[in-house]
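This report concerns only the one structure given below.
Laboratory data are not the source of any read-out in this text; all were calculated from the coordinates shown. Computed from a predicted structure; not experimentally measured. Reconstructed Cβ throughout: ideal geometry from the backbone, glycine too, with neighbour counts over all protein chains shown.
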Amino acid sequence: MKNLKTILFLSLGLSFGQLTAQVDSTFLDAMKEQLAGVELVLTMVEKDFFIISSESGGNILVFVGNDGLTLVDTQWGVLGPRISEILEHISEKPVIRVINTHYHFDHVDGNIFFGQDGVPIIAHHNIQKRMAADQVLTPPFLILQSAYPRESLPTVTFGHSMTLYDSGEVIELFHFPNAHTDGDVVVHFKNADLYHCGDIFVTYGLPYVDEDNGGDIFVLMEAIEHLISVSGPETRFVPGHGPLCTVEDLKDYRDLLVSVRDQVTSCIREGLDMDDTLSRIKVDAGKEGIGLELTVRHMYRMAQKHDK
Ligand SMILES: [Zn+2]
């Protein structure tokens, strides 16, 4: 999920208040009706690597191999025909595999379009499990993501990691448990030194963490720290949402999260309760992302869980 607060909510004329009351079972259908005119942007990373992005869905990373295209994430099914037209501009080759970074609808809904005709859909076990059953996203969204049909579900799943070999490229898939969700996969195109991070990394400020479905910002921060530690100055990162980034951007994101975490843990050490902590925490203007209050509340709970 991305900054739905600004994109999804405003596009539908909704507010947080309307969404906190009860599970919203109509949100996704309403959202899909709004997507027809959304702008899709194609960005070339380098030869054989492209990003397809929009304001309403997760970034799709496209790799052009000898036999066909690998897609990391699929955005929305209703955008499938338009995304397909863009792919035809990139290459005449067919889509030969899909990889999913996590179970959220704005990243996997297009599986129904691109996973047809036996194209393998590769994902962590937990992505498959969650997509196969109804899910409700952590408040304030409380959006019902209904079980996807069999045709949309991952057909190849893995646990800790998986490696694919295609046209001289080595595609490494790593599971980072309990970060943004309980099924986050980071995809590393090793020779290109290019990552797709899914939603453990976003560029709009403080991230959404799907706590009720296994998300934990402390673990997410460990994942980011790990990615920084194994990266070099030439490494590039496709965030779940936002433009292509460098390790410096990832460090800025890490620093933002560390700053909020350190304020929260220091308040806890002082014995402040949640509300007093909330009144103390500051974040730079423009970095609120999903919202400072949401993040602080989540961090406070997780800090206690981890005994920080
Ligand atoms: Zn997400």
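Annotations for the structure displayed:
- Computed from the C-beta positions of D212 and D252, the FRET efficiency with R₀ = 30 Å rounds to 0.60.
- Distant-in-sequence amide H partners of G58 (H built 1.01 Å from N, under 5 Å): Q75, H107
- Report note on the peptides 202-214, 125-137, 274-286, 39-51: ranked by the mean count of other C-beta atoms within 10 Å, highest first, their order is 202-214, 125-137, 39-51, 274-286.
- The chain, relative contact order in percent, only Cα pairs under 8 angstrom and at least six apart counted: 14
- In order through segment 82-89: 3J(HN,Hα) via Karplus (6.51 cos²θ - 1.76 cosθ + 1.60), integer Hz, x for Gly, Pro: 6, 5, 4, 4, 5, 4, 5, 6
- Taking a point 7 Å out from the Cα of N66 in the direction of its Cβ, the residues of segment 157-201 whose backbone N falls within less than 12 Å of it are 166-169.
- Between the Cα long axis of helix 217-229 and the first principal axis of the chain there is an angle of about 60°, rounded to the nearest 10.
- Taking A30, A179, A123 as the candidate residues, the one with maximal mean-square fluctuation in a Gaussian network model of the chain, Cα springs under 10 Å, is A30.
- A convex hull fitted to the Cα coordinates of segment 5-255 yields 113 cubic angstrom per residue.
- From helices alone, the chain scores -9000 deg cm²/dmol at 222 nm; the rule is -39500 (n - 2.57) for each run of n ≥ 4 DSSP H residues, then divide by the residue total.
- The HN-Hα couplings worked out from phi for segment 52-58 by the Karplus form 6.51 cos²θ - 1.76 cosθ + 1.60 (θ = phi - 60°) are 10, 10, 8, 6, 10, x, x Hz, whole numbers, x standing for Gly and Pro.
- Between E55 and S279, the distance separating the two model label sites (each 7 Å from Cα on the Cα→Cβ line) works out to 3.8 nm.
- Fully extended contour minus Cα-Cα distance, from K32 to I86, at 0.36 nm per residue: 17.5 nm
- Distance between the 7 Å Cα→Cβ label points at D307 and E172: 3.3 nm.
- Inter-label distance for V230 and V156, nm, one decimal - labels placed 7 Å from Cα along Cα-to-Cβ: 1.9
- If you run the Gaussian network model on the chain, springs between alpha carbon atoms under 10 Å, then out of H124, H102, H226 the most flexible one is H226.
- Each part gets one Cα centre, and for segment 27-46 versus segment 204-252 those centres are 23 Å apart.
- Segment 60-198 pair-distance distribution - Cα-Cα, 10 Å bins, rounded %: 12, 45, 34, 8, 0
- Whole-Hz couplings from phi, Karplus 6.51/-1.76/1.60, listed for segment 113-126; x for Gly and Pro: 8, 8, x, 6, 6, x, 5, x, 10, 9, 7, 5, 3, 5
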